[in-house]
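One structure below.
The values are calculated or read from the model by the stated rules, or taken from the named source; none is laboratory data. Everything quoted here is computed from the prediction, not taken from an experiment. With ideal geometry, Cβ positions are generated from the backbone for all residues, glycine too; neighbour counts draw on all protein chains shown. The accessibility values were calculated without ligands, DNA or RNA, using every heavy atom of the protein model including side chains. Shrake-Rupley method; radii C 1.70, N 1.55, O 1.52, S 1.80 Å.
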Amino acid sequence: MLECLVAIADEQGLGNAARAMGVSQPTMSTTLKNLETELGITLFHRTGNALALTPEGAAVLPLARQAVVDHRTLERLVDGLREGRSGPMTLAVTVGVSYGLVMPDLVLSFTESRPEARIDIVPIVDPAEAIDAVRTGLVETAIVLDGDAPDDLEQEWLSDQVLVLALPPNLGHIADFVELASTGPLRMVTSARTIGGDEALVALQTSAIEPRIVLSGIPLNALPGLVAGGVGAAVMTEPMSRPVVAAGGKALSLEPPLLARATLVYSATYIPPLLASFLEQLHGGGAAAVHISGAV
């Protein structure tokens with residue numbers, strides 16, 4: 001029933017919440033009434049066509065949300081124990097990180113040491129969505145760029161990735177920044193959370209490049225396609241630039257070199273056994289460095 005409260009609050013209405021949970025609206029309404037009766041308080045009041053949290057509902061929501069997260073974690077753990085294993089570890093990986101470089105060695109070495117282990121990779125485009133998935137317990141951990149890692153989650157450094165300036169196909173013949181500077185102002189597109197930030201733009205200006213932002217606020221996953229389509233150049237990680245190069249573009253390493261740090265984030269509230277083993281491996285087997293919530 002607590003999941004009903006969380007769904008209605010998140011979806012801002014019975015109809016949307018019912019669809020999100022895969023039940024009928026009357027069922028959702030009945031569940032809400034039963035929950036309010038059980039708790040002895042009113043959780044929502046109607047404002048027009050929407051439901052809004054009452055002060056009592058707002059006070060209960062954070063604890064209800066955590067209870068839902070804990071219940072989902074328990075379900076995954078119990079399912080794994082029934083099958084004689086610790087349960088799979090779900091790992092979200094964002095486009096900016098591009099797990100093609102980060103993941104193979106990391107996962108291979110872990111699964112070799114734990115042949116019964118299973119890691120489910122969940123590609124998520126938006127770093128904020130991946131982080132929310134960790135917070136809500138939909139995934140145990142996520143790999144994001146360091147600049148996207150929030151303060152309220154635990155962080156583990158994984159690797160650094162080189163940042164490049166990806167040039168569209170019409171500039172694919174450019175050999176270096178000296179030649180690029182001679183072509184005049186550089187049309188650029190930037191993401192909502194620009195990789196490299198001001199440092200990247202300063203590096204370009206230091207190389208006598210005059211950036212002209214023609215499109216901004218673009219989702220990270222859209223950058224390679226826009227550059228390959230000739231809209232403009234963009235700063236991105238080297239793996240992200242590969243489709244651009246394949247389309248006839250060019251990737252120039254920034255001068256001075258800039259790196260994007262790939263970071264593993266997870267909640268310290270509960271660390272499932274398989275994730276605990278994974279973290280121990282990152283620490284070189286130092287169990288004291290990792291707080292384990294449960295037996296491995």
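Looking at the range 132-189 only, could you name the residues that are free of Cβ contacts under 8 Å to residues at least 12 places away in the same chain and within 12 Å of the chain's Cα centre (by Cα)? Matches in the range 132-189: Asp132 only.
Consider the range 208-239 and keep the residues that are β-branched (Val, Ile, Thr) and not in a strand (DSSP E or B). The one that is nearest to Ala181 (Cα to Cα) is Ile209. When Val265, Val245 are screened for being in a helix (DSSP H, G or I) and either in contact with a Leu (Cβ under 6 Å, 6 or more places away or on another chain) or open to solvent by 10 Å² or more (accessible area, probe 1.4 Å) (or both), only Val245 passes.
Scanning the range 12-41 for residues that are loosely packed, with under 15 Cβ neighbours inside 10 Å, touching a Gly at 6+ places or on another chain (Cβ under 9 Å) and under 16 Å from Leu2 (Cβ atoms) returns a single hit, Ile41. Evaluate the following for Ala59: is it within 25 Å of Asp132 (Cβ to Cβ) and out of contact with any Phe, Trp or Tyr (no Cβ under 8 Å at 6 or more places or on another chain)? So Ala59 passes the test. Within the range 127-161, restricting attention to residues that are within 15 Å of Thr263 (Cα to Cα) and in a loop (DSSP other than H, G, I, E, B), which residue is most open to solvent (accessible area, probe 1.4 Å)? So the residue we want is Asp151. Filtering the range 40-91 down to residues that are in contact with a strand residue (DSSP E or B) (Cβ under 6 Å, 6 or more places away or on another chain) and hydroxyl-bearing (Ser, Thr, Tyr), which residue is modelled with the highest pLDDT? This residue is Thr54. Here Val164 qualifies as open to solvent by less than 10 Å² (accessible area, probe 1.4 Å), assigned to a strand (DSSP E or B) and touching a Ser or Thr at 6+ places or on another chain (Cβ under 9 Å).
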